[in-house]
Every structure is written in C-alpha cells, then in structure tokens.
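**Student:** Quick one: structure below, then a few questions.
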Amino acid sequence: MNTEIPPFILDNWLLFLPILLIQLTLMATALVHVIRHDHYRIGNRAIWIALIVFVQIVGPVLYFVFGKEEDE
Amino acid sequence: MKDVTIFLKKEGLEVWRTKRLILILTVFVLFGLISPLIAILTPEILSSFGSELNITLPEPTSLDSWMQFYKNLTQIGIYILAVFFCGSVNGEIRKGSLVNLVTKGLNRSAIISSKFIMMMILSLSAILLSFFITAIYTAVYFPDNDSPHIVAGLIPFLVFVVFFSAIILLGSTLFDGSMASLLFTIGVIIVLYLVNIVEPLQAYNPIQLIGENLSLVEGTMELKALGLAIASSLLLAVTAYLFSMKLMNKKKL
C-alpha cells in the first residue's frame, strides 16, 4: 500500500508535530493507566479504552477526572 | 486570610500531586495549537473533495484562526474546565478530608475562597497559555492585518471564565455528586443561551461575552459595548461566590 503524505502536512509540520506528540502522549498515558488498573470509579475497561482511543482530547481527560481511582 | 493561604497551599499541592495541573495545561496547549491548524486546513480539506464542487475558497486569514480559537474554547474548552472542577467542593466533603481541618479551626469560608481562587488561577492561566500559542502561530502563519485587537477579544472571555468558575463553585457546593454539579453548570449555560433570545436582557447576559469575541478582534465592535454584560457577569460571580459560602457554612461535613 502506498500511503503518501499529503503535501500540506509536510508544509505545516511545525504545527502537526507538536499536536501529534501531545495527543499521542495523552492517549498513551491514559491507556497505560487503564490497562494497569482493575478498578475504576465508574465504567469498565472496555468503555474507557474505547473512549480514550476514539474521542480525541476529551476521552483521556474524562478518564483522568472520572475514571481514575483517587488513592493509590 | 491566613486560612486562605494555608488552604491554597494544600490546593496547589493537590493539583500538582494528582497531575491535574499538567493535564489541564496539556489540553489547553492542544487547543492553542489546533486552532490555527484547522484554519489552515479547512480549505485544503474542502478542496480535496474534488473539483466538482465549484466553489472558490478565499484564502484563510488570521481571523479564521481566531474564529477557531474562540469556537474551540467556548464550545469545548469551558466544559472541560467544568469537568475538571465539578467535584472540587463536594469531592472533598465526600472524602471527609475537611472534618479534621474544620475541627482544628479552619474557617469554612476560607475553603470556598481558596477553591475559587485556585479554580480561577488554573483556568485563566490555561486559557492565557492557549491564547499565546494561538497568537504566535497565527502571527507566523497568517501575517496579515485582519485581526488587530486580539487582546480586546480575549478580555470578555476571561471575564466570562471568572463568572463560569463561580458557577462551577456554586454547583459543586450545592450538590453532593460531581455529575449533578456538572449538569447544574451546563444547565446554567443553557438557561443563559435561552435568556439571550429575550432582546431587552441581551445586554446584561454573560453569554454575550463569549459571542462577540471575533467582532472585537476584527475591530468592528468596541469593548465598551460589552460593559453591561461584563458588569453583570462580575456581579453574578460575586453573588454565586457569596451564596456558596453561605451554603458551606450550613453544610454537614
């Protein structure tokens, strides 16, 4: 499969790169946390993984605020 | 006053240790970056639909970038703030962590004041950070003169955030669950949007502060025109704050 990067992404890499990095970091930290823990304040693992992966920005934030248990 | 500083220190330590500080700043940095990006990409995306759409797209300007900024922050950003802070007072009561402090003589009003101050510090600094990032990228990518008054556009939004923080504070003191307080905050905003239909009240409506930012940036509107809305927002914020204090004094911990 030949996936060519559209030229406007290369032109604006200065904007793309930080956004990509921050979003991936946010998603990764939330995912790692979900997978390492068994109990959540609300919801279950499947719901949180779906939310974190598919809802950009808001998903991980919701997890850290509502899903993550407080004392550890 | 001494109580406030003591409790503020505890609050500061809490947002640091629970990593909320990093989380909130990260999210708003993202908002700051995304706004100019969307402005750049919108014509690209539309033109990728093919040439059968025979529309001539004007070149994006700095104004488009600011439009995205205010759209993102007023439609998603403030609700993220609400999600963050909706459990600030009731969460503490639920955990029972206030009992010791209050029996040792910590003033209950000091708790409310510190929560409010912390909320404002965090929200305003997150928004300012996002604003500076958008401003820098907009200046680099759109070196035009279409948006001369970027600070004038931001001021009403900052005032609105003060008002909004007071509403979140009231919600989280009024209700015991964080979901209920979140819904309360969203409910208030919905009511304000509905009230905005009534023309004579429009000038006093805090919602005006997040609706006219672009005209202010562009310079087609003066900040003076929002004077009444700014005054009434601050008045409502103070009322909500005092009411929260009253509620807190009667609350069972």
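The values are calculated or read from the model by the stated rules, or taken from the named source; none is laboratory data. Only a predicted model underlies this, so the values are computations on that prediction, with no experimental measurement involved. Here Cβ is always computed from backbone atoms with ideal geometry, including for glycine, and neighbour counts include all displayed protein chains. These area figures cover heavy atoms from the full protein model, side chains too; ligands, DNA and RNA do not enter into them. Shrake-Rupley method; radii C 1.70, N 1.55, O 1.52, S 1.80 Å.
**Student:** For region B:100-200, just run the numbers: alpha carbon Rg, then divide by 2.2 N^0.38 Å, N being how many residues it has. It would help to have the intermediate numbers written out before the result.
**Tutor:** Working: Rg = 18.3 Å, N = 101, 2.2 N^0.38 = 12.7 Å.
Rounded to two decimals, the normalised Rg is 1.44.
**Student:** Next question. How large a share of the accessible area of the protein assembly as shown, in percent, is made up of carbon and sulfur atoms when the probe is 1.4 Å and the other protein chains stay in place?
**Tutor:** Values: 11510 of 16940 Å².
Carbon with sulfur: 68 percent of the solvent-accessible area.
**Student:** Another one. Quick one: accessible area per residue over the protein assembly as shown, 1.4 Å probe, rounded to a whole number of Å²? Before the final figure, lay out each step's value.
**Tutor:** Numbers: 16940 Å² over 325 residues.
Ligands and nucleic acids excluded, the figure is 52 Å² per residue.
**Student:** What FRET efficiency do you get for B:ARG17 and A:ILE49 if R0 is 22 Å and r is their Cβ-Cβ distance, rounded to the nearest 0.05? Before the final figure, lay out the partial values.
**Tutor:** On the way: r = 26 Å, r/R0 = 1.17.
The formula returns an efficiency of 0.30 here.
**Student:** Restricting the calculation to Cα positions, tell me the Rg (one decimal) and the Dmax (whole number) of chain B in Å.
**Tutor:** Looking at chain B, its Cα Rg and Dmax stand at 20.4, 74 Å.
**Student:** Give the relative contact order (percent, whole number) for chain B; include only Cα pairs under 8 Å separated by 6+ residues. Could the numbers behind the result be given before it?
**Tutor:** Values: 299 pairs, mean separation 67.4, N = 253.
Dividing the mean separation by the residue count of chain B yields 27 percent.
**Student:** Divide, for region B:125-253, the radius of gyration over alpha carbons by 2.2 N^0.38 Å, where N is the residue count.
**Tutor:** Details: Rg = 17.1 Å, N = 129, 2.2 N^0.38 = 13.9 Å.
That works out to 1.23 for region B:125-253.
**Student:** Can I ask one more? Tell me the Kirkwood radius of chain A: reciprocal of the mean inverse pair distance over distinct alpha-carbon atoms, in Å.
**Tutor:** By the Kirkwood definition, the hydrodynamic radius is 13.6 Å.
**Student:** Working only with C-alpha atoms, what are the Rg and Dmax values of region B:67-129, expressed in angstrom?
**Tutor:** 15.1, 50
**Student:** Using 29 Å as the Cα-Cα cut-off, could you pick out the over-long pairs in B:LYS9/B:LYS252; B:LYS19/B:LYS224; B:LYS104/B:LYS246; B:LYS71/B:LYS115? Kindly include the intermediate steps, with their values, before the conclusion.
**Tutor:** Numbers: B:LYS9/B:LYS252 24 Å; B:LYS19/B:LYS224 39 Å; B:LYS104/B:LYS246 20 Å; B:LYS71/B:LYS115 27 Å.
In this structure, B:LYS19/B:LYS224 exceed 29 Å between Cα atoms.
**Student:** Return the residues of region B:66-84 for which accessible area with all protein chains present is lower than in the chain on its own by 10 Å² or more; set the probe to 1.4 Å and exclude ligands, DNA and RNA.
**Tutor:** Going by heavy-atom accessible area, the residues of region B:66-84 that drop by at least 10 Å² are B:ILE76, B:ILE80, B:VAL83, B:PHE84.
**Student:** Hey, rough spin-label estimate for B:MET1 and B:MET179, points 7 angstrom out along Cα→Cβ, what's it come to in nanometres?
**Tutor:** 4.4
**Student:** Could you tell me, in Å, what Rg and Dmax come out for the Cα atoms of the protein assembly as shown?
**Tutor:** 21.5, 74
**Student:** Relative contact order for region A:19-67: what percent, with Cα pairs under 8 Å and sequence separation of 6 or more? Numbers along the way, then the final one.
**Tutor:** Details: 35 pairs, mean separation 20.3, N = 49.
Here the relative contact order equals 42 percent.
**Student:** In whole angstrom, note down how far apart the Cα centers of region B:1-72 and region B:193-253 are.
**Tutor:** 22
**Student:** Return the value, in Å² to the nearest 100, of accessible area buried between chains A and B (probe 1.4 Å, both sides summed).
**Tutor:** Values: alone 5810 and 13270 Å², together 16940 Å².
Approximately 2100 Å² gets buried when A meets B.
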